[in-house]
Amino acid sequence: MIDDLRERLDDLPRPVRIGGAVVLVAVLVWAIYNAPGTGPYLDEKAPWGIVVAGMIVGTVTALLAMGLILIYRTNRFINFAYGSMGSFAGVIAIGLHLEKGMNFFVALGIGVAIGIATGALVDLIVRRFRTSSRLILTVASIGIGQMLAVAELLIATKAIGFVSLTGGFTIPLDITLDMGVKTLTGDEILIGMVIPPVLAGLAWFLLRTDVGIAVRAAAENSDRALLLGIPIKRLSTIVWMVAGGLAALTFVLKAPFSGVVPGVASAGPVVLLPALAAAVVARMESLPIAFGAGVALGIVEQVVRWNTSGSPTFQNMVFLVVILGALLLQRGKLSRAEESGTSSWSATAVLKPIPEELRRLPEVLWTKRALAVVLALVVLIVPNTWGPSNQFLAALGIVWAMVAVSLVVLTGWGGHISLGQFAIVGVGALVAGNLIADYNTDLLLVLLASGTAGAIISLLVGLPALRIKGLFLAVTTLALAVALDRYVINVNNFPSILPSGVDRPLFLERIELSDGYNMYVFCLAFLLLAILAAQGVRKARAGRVIIATRDNERAADAAAVPTTQVKLAAFLLAGVVAGVAGGLHVLLLTSVEFGSYPPYDSINLFATAVIGGLGSIAGAVTGVLLFRYIETITALGDIRPLLTGGVLLIVLLVLPGGIGQLIYNLRDRILIRVAERRGILVPSLVADKREAGAKHAENEVGLLQGALSDAPSPTPVREPAGTAS
């Protein structure tokens, strides 16, 4: 009987099944509220008015999550620029309404149109990376988000005169609905009026139109869709346009009660986090599950805020827990399409050392020694001529370089994207600051404790990477960064754990770290120790198996490599280095305050390290220090993210290995000339030239295939609606 009922349900159209599930959940919630003994408790902790308000807010989150999933299923990467896409169009629309007096509903339509155009523009940029790995595309989305944030700021402030708005505003819809503890206003009622038709239209587009069916088929198996004559590129553009329109719509609908701050790139992670949580619960695959998860998260958000005296920060911790829990419960549930191409990190191809045949030649040895001496003189003597403020900035740059070393281990060698590495720095800073301020602990023990704390946090956040493949570590680390910044390092929540008067102690009872130059040299010494430790691991068997596991985990398993232990080692080492950097960072700042470790710092660190080249320690450190210097150039003002994002895209497109690859290519050319002059045959250098030629040929083939994918099919093919999920 049960099997017969299941077959009958499977025969129903998908929209009917989804609608029935929604009605069933609503009836279940009503039954729980009216069950004997539970009503008064729920009315106190979760009144109906708060639940309804949460459902309304949750539909906006759900719509944003569905746009994320559409892009992921079509292009197979997580678009971290999605929040900026919606903000770019939404801020312009709201600026037209508030500053130019345009009717709100007309501005809403213009905002959606700009969002659609923005989606098409972003698709043109993404096309340039079509032959790149999914990890490269994910990093490229970070650069796109930074560029959109600057463009939004320039248009809003220069063209419209929309400078800043931190609070909400009223819309011309004079409707209210009394829900007891909550009165729904026109902006919330508008969401309830707009979202259902949009969802119905999206379902009709994906399930009933030829384009929608082709989109779903291409998302399931792009190679097969290409063989069937489906124009992949054209469909991808349509998906990006739909997703851009959804992002703009959700931003404008939510702005009247959440407020707007034009052109703030740092607000992107906070805006995107709820949608990322809902999308992760749906495994970046199911739109109906994403909608349900978004509504549920909206309810949880409002109920939590109701029970925490209106505090808007604890919800960020809830999102972190939801993301971690969802990933830990999804072992083995990724589809074949989702698993393909996740382990490669072609942009960080590990740069090779000097070949053994040339390593002991006099010209090579003396050149290395001369460069080392020049570098030592520059980093030790030149800063001694600076003033205290410049020495402080230089020491901060050294701390950032230490965190870049941890990223090389975790991302460059391990293949795991971390967008919350500065959150681990913040944890180390909290531990070190409290030990110094409250217990006057020895400095070396303090740094040991901060490194241990960083390792523990890195391991906890990286646990999903041990159970599930893909790009989801970037989501968990970003959630950690937001939760730490908004909830933990908040004087309203935990005033007792925020150290404020962290004096720099004497080191070895004789070195005064309050002196700016001494503190700079102290940080420089720990950077050198971190580099030596990382290089030691890289040269040992542990480093080789880390890279082997990154490149092909199944082959490593077949070779009896303990891949789980290898991943743990990468997380632990990266966490120790970042935690020690946090201990040094709090010594420089002498306190930990709200905003000391914003999520945007982690994203900026990652972007600049990629520009330098995550395949080598020298490249990543060079990139981070270079852009830390650029940050001190006040003439650049608010366009610095445009420079970072633009250079990041150029580097990923033209020089995937970053500045480090450029330096090492120059080194190899010089070594080839040395070998030719000496008459020495170096097979590795010859092999590198052959690999470069083969890669160029492969890229040409990829471009040819991309051109063919837009060619019209001689016989249009349409699969039945039931053939693609």
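The values are calculated or read from the model by the stated rules, or taken from the named source; none is laboratory data. All values derive from a computational prediction rather than experimental measurement. Cβ coordinates were reconstructed from backbone atoms using ideal geometry, including for glycine residues, and neighbour counts include every protein chain displayed.
Cβ-Cβ under 6 Å, sequence separation 6+ or interchain: first residue in segment 529-544 and part of a helix (DSSP H, G or I), partner of a type outside the set (A, V, I, L, M, F, W, C) and surrounded by 18 or more Cβ atoms within 10 Å (Cβ to Cβ). Which pairs?
The qualifying pairs are 537/543.
Give 289, 299 a once-over and let me know the one that is in a helix (DSSP H, G or I), more than 19 Å from residue 67 (Cβ to Cβ) and not hydroxyl-bearing (Ser, Thr, Tyr).
Numbers: 289 fails: more than 19 Å from residue 67 (Cβ to Cβ).
None of the other options fit; the residue is 299.
Sort out which residues of segment 562-613 are over 14 Å from residue 644 (Cα atoms), of a type in the set (Ser, Thr, Tyr) and buried (at least 22 other Cβ atoms within 10 Å of the Cβ), and write them in order of number.
Within segment 562-613, 597 is the sole residue that qualifies.
For segment 490-511, give me each residue that is within 18 Å of residue 447 (Cβ to Cβ) and among the hydrophobic types (A, V, I, L, M, F, W, C).
The answer is 502, 506, 507, 508, 511.
What number goes with the only condition from (1) farther than 23 Å from residue 376 by Cβ; (2) in contact (Cβ under 8 Å) with a residue 12 or more places away in the chain; (3) under 27 Å from the mean Cα position of the chain (by Cα) that residue 587 does not pass?
(3)
Could you grab me the full set of residues in segment 43-55 that are surrounded by fewer than 24 Cβ atoms within 10 Å (Cβ to Cβ) and either part of a loop (DSSP other than H, G, I, E, B) or touching a residue at least 40 places away in the same chain (Cβ under 8 Å) (or both)? Reasoning before the result, please.
Just the residues of segment 43-55 that are surrounded by fewer than 24 Cβ atoms within 10 Å (Cβ to Cβ), to begin with: 43-52, 55.
Within segment 43-55, 45, 46, 47, 48, 49, 50, 51, 52, 55 qualify.
Any residue in segment 233-252 that's not assigned by TED's automatic domain parsing to the domain that holds residue 131 and at pLDDT below 90: show its pairings with residues that are in a helix (DSSP H, G or I) and surrounded by 24 or more Cβ atoms within 10 Å (Cβ to Cβ) at Cβ separation under 7 Å, as long as the two are six or more apart or on different chains.
none
Which helices (runs of 4 or more DSSP H) sit wholly inside segment 407-516 and have at least 3 residues that are surrounded by fewer than 17 Cβ atoms within 10 Å (Cβ to Cβ)?
Numbers: elements: 421-439, 443-467, 472-483.
Result: 443-467.
Among the candidates 124, 64, which residue alone is assigned to a helix (DSSP H, G or I), more than 17 Å from the chain's Cα centre (by Cα), at pLDDT 90 or above and of a type in the set (A, V, I, L, M)? First the steps, then the outcome.
On the way: 64 fails: more than 17 Å from the chain's Cα centre (by Cα).
Step by step, each of 124, 64 is checked, and only 124 is assigned to a helix (DSSP H, G or I), more than 17 Å from the chain's Cα centre (by Cα), at pLDDT 90 or above and of a type in the set (A, V, I, L, M).
May I ask you to say which residue of 150, 112 is at pLDDT 90 or above, in the same structural domain as residue 80 (by TED's automatic domain parsing) and β-branched (Val, Ile, Thr)? Don't jump to the end; show me each part of the working.
Working: 150 fails: at pLDDT 90 or above.
When all the criteria are applied, what remains is 112.
Just to be sure, is residue 74 of a type in the set (Ser, Thr, Tyr), at pLDDT 90 or above and part of a helix (DSSP H, G or I)? So that I can check it myself, show each step before the final result.
Values: of a type in the set (Ser, Thr, Tyr): yes; at pLDDT 90 or above: no; part of a helix (DSSP H, G or I): yes.
No: the conditions fail for residue 74.
Filter segment 397-410 for residues that are farther than 17 Å from residue 457 by Cβ and at pLDDT below 95 and give the result.
The one that is farther than 17 Å from residue 457 by Cβ and at pLDDT below 95: 408.
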